[in-house]
1. Could you work out the relative contact order of the stretch 142-234, using alpha carbon pairs under 8 angstrom and six or more residues apart, expressed as a whole percent?
2. Volume per residue, Å³, of the convex hull around the alpha-carbon atoms of the stretch 139-220?
3. Quick one: accessible area per residue over the chain, 1.4 Å probe, rounded to a whole number of Å²?
4. Give, as a single signed number, the net charge of other residues whose beta carbon lies under 12 Å from the beta carbon of TYR255, with Lys and Arg counted +1 and Asp and Glu -1.
5. Relative to the longest principal Cα axis of the chain, at what angle does helix 45-55 sit, 0 to 90 degrees, rounded to 10?
6. What do you get for the angle between helix 222-237 and the principal long axis of the chain? Use alpha-carbon atoms, 0 to 90 degrees, nearest ten.
7. On C-alpha positions alone, give me the angle between the axis of helix 69-79 and the longest principal axis of the chain, in degrees, nearest 10.
8. Please state, to two decimals, what the Cα-based radius of gyration of the stretch 57-178 comes to when divided by 2.2 N^0.38 Å (N = residues).
Amino acid sequence: MDLISVIVPVYNVEAYLDKCISSIVNQTYRNLEIILVDDGSPDNCPAMCDAWKEKDSRIVVLHKENGGLSDARNAGMGAAHGEFISFIDGDDWIEPRFFEILQHELEAQNADVAAVRYRLCWEGDACERQSAYEHVTVYDRQTAMRMLIQNQIKQVVWNKLYRSAQIRDIPFEKGKVHEDEFWTYQVIGRIGRFAAIDYIGYDYFQRAGSIMGAGYSPKRLDAVEAKTRRQAYLTEHMPELAPEGARDLLFTCLYHGQQVCKTLRGAEKKQAMQVLKTTSKGCTLLNRTVKTESKSHKLWFFGARHCFAMTCRIRNAFGVGV
């Protein structure tokens, strides 16, 4: 039974941490190295991590100064010894067969990454409906990248199991919101096979105090930067997918432009809109494929390239894309 290193960044999740760790230590797959990375948490989490270490010999605790989610994940990868690596957020939890199913299918399908589905959960333990373990679909690298662009494979890292050798030298970028989007395309770009498992094994907790639960801010434009970098990667390494990437980048710019119009004011708004306008004009590869798009998409393409701010306001007025 191969060793799985489970990396859990821990910061200000005192109310949720016990449930998270309990769901990991009680997995049907037992050969786990559970790395709790205390990212300088100001609450009782450091002591809770140490207490869990006393209960279970598989648990390793790293205490470090606060450096953010990416820095905590990087620290965990640096300490990991497993043939496989998984990332679990400290306020989420996993179903009992999460690692059993992921590891089995990753090996059975000779894949480098395996992913399960996830469900959203809210305060009061209200969760979306669970599903049965039904089937597995395997994709090659190009197909997986196309599905990532189309959001059929999610950017998130926490519902997946990775072969360590494929990811150890890809650090998460520090100081970024949407850090998963800077990282996942790089992983997909080097794998051989990706296994998508039709099983809901991860419970993603929605809480108001989380990074993604906060209101819109200019930091959310990190998602646009991530996709801009992905577009450069596609252009160099997978040019056959570059037009699809450009299309997704343009609509990402429109989405963020709409959010900026609704939420930001003054200099923040002006600066953000300039970034988005410049980025959208750089999506020149769409010129090759725009003839195949629907009439409405052609309209949005034209508007974004020639009058970006007005196009965002029109989409907001008609409730398109938000």
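1. Working: 59 pairs, mean separation 29.2, N = 93.
That works out to 31 percent.
2. Working: hull volume 9.6 nm³, N = 82.
Taking the convex hull of the Cα positions in the stretch 139-220, it is 117 Å³ per residue.
3. Details: 14520 Å² over 322 residues.
Spelled out: the 1.4 Å probe surface of the chain, per residue, equals 45 Å².
4. Working: positive: ARG220, LYS227, LYS262, ARG315; negative: ASP248.
After counting each charged neighbour, the total is +3.
5. On a 0 to 90 degree scale, this one is about 40.
6. Between the helix axis and the principal axis of the chain, the angle is about 80 degrees.
7. 40
8. The stretch 57-178 yields a ratio of 1.14.
The values are calculated or read from the model by the stated rules, or taken from the named source; none is laboratory data. Small disclaimer: the values here were computed from a predicted structure and weren't measured. Heads up, the Cβs are rebuilt from the backbone with ideal geometry, glycines too, and the neighbour counts pull from every protein chain shown. For accessibility, only protein heavy atoms count, side chains too; no ligands or nucleic acids. Shrake-Rupley method; radii C 1.70, N 1.55, O 1.52, S 1.80 Å.
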